[in-house]
Amino acid sequence: MQTADNLGQYRKQLAEALENTFQRKALDNFAVAYRDGRDANFAGIDRDHLIESIGTAKDAAMARLDELFEEFCQKAGAAGAKVHFAGSDVEANEIISQIAAENNCSRIVKSKSMTAEETLLNHFLENRGYEVIETDLGEWIIQLRHEGPSHMVMPAIHLSRNEVSRLFSEVTGKQQDPDIEKLVKVARRELRQRFVSADMGISGANFAIAETGTLGIVSNEGNVRLVTTMPRVHVALVGIDKLIPTVSEALQVLKGLPRNATGQAITSYVTWITGANPSAASGSGRKIMHIVFLDNGRSALAKDPVFSQALRCVRCGACANVCPIYRLVGGHAYGHIYIGAIGLILTYFFHGRDKDKNLIENCLNCQACKQVCVAGIDLPRLIREVHTMVEHGGKKPVLSSLAGFVLKRRPLFHALLRSGRYAQKPVTGNTAYMRHLPQMFFRDHGFKDLPALAKKPFRDQWDPAPFSPARPEYRVALFSGCLQDFVYPEQLLSGLQLLAGGRIEVVFVRQQGCCGLPLYMLGEHEAAADLAAWNIGNMDPGDYDYILTFCASCGSHMKENYPHLLAKHPGAGVRARQFAEKVIDFSSFVMRMGLGEDQEARPEKTRAAYHAPCHLCRGMGVRQPPRDLLERAGYEYVAHGEEETCCGLGGTYSFKFPEISATILDKKLSAVAETRADILVTDCPGCVMQLRGGAKKQKRPFAVLHMAEAIAGKKP
Amino acid sequence: MNRSERTAQFTQKARAVSATVKTVATMDEALAHAVDVCAQKQACAILASGCEHALSDPAEELCGLKQWEKLIAAPNLKERDAQSLASLCRPAGIGLIQRGLAAYAGGIDVGLTLADFAISETGTLVINCPDEDLRLATMISEVHVAVLNAGDIYADSYDIADKLAAFFAKSDYTAFITGASRTADIERVLTLGVHGPLDLHVLIIDGQSSL
């Protein structure tokens, strides 16, 4: 739950979460186990095809929600269920409370429902004097603790057996051992009595099949079946986004959901309920069956050209499982009610800007969630879009508007960077690092050394002569990126040495500006679109075979986001797509050109660990070329488990959330240290800044190099 | 996949989620197995699982409701099979009920049911159970013994989509059951037997296996 008024308070909540050692360890073990098991979970299944078909099926359903709702009503009604439509959360709660009153119910048993969490149904009913008992083990535990879930699938993952045994000792009034097997049996027995005495059961649903009026509910414990069978009244609370046209499409989603959620091919139980079934407890011999559909903004969301895909979500929780931030702080600090990447998005729509304004800042844009989503939701992009609305819905922070003003004016931006070199002298002591950070700007940022601006930017050192052959095989535009142009020109210079010699013409267009990613991350999408148009205008994709960048962040932004940013501008979208097609990263380019081979036979090879920049491995989908290039260049490539985990930089993220950034960085450096690597190589100057700064601060025994430096054999 | 491959895959997948799978030649053999399971259950002291632990008073009372003779519930057997089962139960001192299961929420030792179909890809049983007693037999029994014809095993859930849609054409309750009831809600430690059966046995009647 989010109660923080401002970023400062939110950071306090995060700091407390970082101190929770049990949760830290539990989530860390889970993150590694989930990552290691995921491929096996989909063995024998064409995962990409499944993800695509789930996305397509859900999109098609969302496009005709009204129709599906009508059909469902008719079919379920004919089978004896009463179907209700609730426009808002409070309306849903009122309807359910009304059903309880009309049927003289007082004791309610409930199975897990995120939708009921969304409407805060339990509080509502309890305030009206009803007894509501959660029967999913994890949900019961957190209900007893008066907490919300900390994960959508494993609500009590933040708690230890000791905490549970203390809780159960209180509830039963008898001492309980911290033995998990025994605690589960105690819950079985305590809750069985609740099922027997309840007069109403409330469930959620994973599917609402329109063609038959059927609800489908997945569960492992079996409580859903008792909730929907033993009491005489059953009320299902279902988001209208769970409507799906046919049985076959529900079965399709069912193939992906459990595999992605818990790594099961299927859950222990899938319960399919159509209409009112026989019920001995009911006077009429038939179950009193009600289905309440909740809208709460969903039908408007379904019509939104950008955000409708958020309704594809099947609530598997995987976007939290792979999130490097969730892994550190857990769901209470990384969500309001909905948790993880999808939570950052849905919180804005279901619970409002105020609940989301701090949360939405807490994203590294590392794209791990996008890659894992079983419905193919472009979560990072939706997060950026919500971020823009959050920013523009309130007062715009000074930093963001100022940045927009400066970055859009290239000569001003470059002039500022140049003058920055003189202004930084007092803090660098003329070394390559900032020695004393101005504390007012960089509070809590002591975990890494920050680099100083270079004495001479790349643009002042660029000499086109060695790269202007008379008959080139390839014509390449170099996109330098600000960080390499002004901070790390040596990365460009050393890498370019490989390309000199006749086959390749390299053109450096001086008018190029910032790629625009920082503005995009700040929610300044219009300014980012202007920069995209400017860069494409200055580097016509028709003139070049490749647009080469040594910066994975610039590369993935140009490849992925330019087409989106310019989609609405007539003609520009086409050019952006063509431009994007030609963008290539350094490692892929060198491999493709057959360059970089080590000519010497070395008796002992240097051990090289690799850090895969998020924007390269997920953003640009480049995985194998850098690893192959290291081996081709004569290094002994040593793998480690955290290779594709974010370094924690995330552009301005590390300045907003330094504690989290530092912890992620530390985890990464420790994993590298375990490989006993001599060097750590990566493909992005941003990652170099974070990793090199951290390694230097922590006095790690390995050097951090950009791939271009590693291949040119140059030490920093 | 042919029938024996489907049977083999079903067996493998169901065992992977801790189900006991046995091939039997006839229904009589299946009945004898269920009685056997119930009789052997005596050895383990997990009747009305959880009652051996310290419980709150109302939960303790429910344990008292459990009749401490052993009990088999078999709501959907054919008349002939029900009679055969009764004649096996009697000498073993086991009670047999077919209706009114809700009164035995404290726990039934063995629930014996027939399954309509199975899906080999996931080791899943499909049981059409709008009948409340049948439903309860698969829920409140401590051991669920399901009898399945090998000819009713399909490779994939998509293969039974039409059959499901036919079930759903009127008021209906259909269960997919894969292994025993399970949870990992405390410290992600897998524990079997939360709210449903602690154990699932699948007996496959394969007319071809005796050839």
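Things worth noting here:
- Taking region A:208-224 as the range and being part of a loop (DSSP other than H, G, I, E, B) and buried (at least 24 other Cβ atoms within 10 Å of the Cβ) as the test, the residues that pass are A:Ala210, A:Thr212, A:Gly213, A:Asn220, A:Glu221, A:Gly222.
- Subset of region A:196-236 (residues that are more than 28 Å from A:Ala265 (Cβ to Cβ) and either of a type in the set (A, V, I, L, M, F, W, C) or touching a Pro at 6+ places or on another chain (Cβ under 6 Å) (or both)): A:Val196, A:Ala198, A:Asp199, A:Met200, A:Ile202, A:Met230, A:Val233, A:Val235
- Top-ranked residue in region A:97-126 [being over 34 Å from the mean Cα position of the chain (by Cα) and part of a helix (DSSP H, G or I); ranked as nearest to A:Ile291 (Cα to Cα)]: A:Ile99
- All of A:Ala639, A:Ala708, A:Ala677, A:Ala662 fail the test of being modelled with pLDDT of 95 or more, surrounded by fewer than 16 Cβ atoms within 10 Å (Cβ to Cβ) and in contact with a Phe, Trp or Tyr (Cβ under 9 Å, 6 or more places away or on another chain), apart from A:Ala639.
- With respect to the stated conditions, A:Ala567 is under 29 Å from the mean Cα position of the chain (by Cα), in a loop (DSSP other than H, G, I, E, B) and without any contact (Cβ under 8 Å) to a residue 60 or more places away in the chain.
- Elements of the type helices (runs of 4 or more DSSP H) sitting completely within region A:237-325 and holding at least 3 residues that are within 11 Å of chain B (Cβ to nearest Cβ) and modelled with pLDDT of 95 or more: these cover A:247-261.
- Subset of region B:172-211 (residues that are of a type in the set (Ser, Thr, Tyr) and in contact with a Pro (Cβ under 9 Å, 6 or more places away or on another chain)): B:Tyr173, B:Thr174, B:Ser181
- Candidate set from region A:531-542 (those that are in a helix (DSSP H, G or I) and free of Cβ contacts under 8 Å to residues at least 60 places away in the same chain); member that is surrounded by the fewest Cβ atoms within 10 Å (Cβ to Cβ): A:Gly542
- Among residues of region A:258-299 being within 25 Å of the chain's Cα centre (by Cα) and among the hydrophobic types (A, V, I, L, M, F, W, C), the one that is nearest to B:Thr138 (Cα to Cα) is A:Ile266.
- Summed over region A:122-150, the residues that are at the interface with chain B (Cβ under 10 Å from one of its Cβ atoms) and of a type outside the set (S, T, N, Q) give a count of 7.
- Residue check for B:Gly95: over 14 Å from the mean Cα position of the chain (by Cα), assigned to a strand (DSSP E or B) and not acidic (Asp, Glu): yes
- Applying the criterion of being touching a residue at least 60 places away in the same chain (Cβ under 8 Å) and in contact with a Phe, Trp or Tyr (Cβ under 9 Å, 6 or more places away or on another chain) to the residues of region A:513-530, the residue that is farthest from A:Ser556 (Cα to Cα) is A:Ala527.
- Identity of the residue in region B:100-126, modelled with pLDDT under 95 and assigned to a loop (DSSP other than H, G, I, E, B), that ends up surrounded by the fewest Cβ atoms within 10 Å (Cβ to Cβ): B:Gly100
- Of all residue pairs spaced 6 or more apart or on separate chains, those with beta-carbon atoms under 7 Å, a first member in region A:174-186 that is assigned by TED's automatic domain parsing to the domain that holds A:Leu137 and a second member that is basic (Lys, Arg) are A:Pro178/A:Arg161; A:Ile180/A:Arg161; A:Leu183/A:Arg161.
- Residues being assigned to a helix (DSSP H, G or I) and either farther than 25 Å from A:Glu16 by Cα or not assigned by TED's automatic domain parsing to the domain that holds A:Ala33 (or both) are represented in region A:638-654 by at least one member.
- Filter pass, A:Arg188 being buried (at least 19 other Cβ atoms within 10 Å of the Cβ), under 24 Å from A:Ile96 (Cβ atoms) and not small (Gly, Ala, Ser): no
- Taking (1) over 16 Å from B:Ala19 (Cβ atoms); (2) over 10 Å from the mean Cα position of the chain (by Cα); (3) more than 9 Å from chain A (Cβ to nearest Cβ) in turn, B:Ala137 satisfies each apart from (2).
The values are calculated or read from the model by the stated rules, or taken from the named source; none is laboratory data. Keep in mind it's a predicted model, so treat the numbers as computed, not measured. Counting neighbours? That spans all protein chains shown, and the Cβs are built from the backbone with ideal geometry, glycine included.
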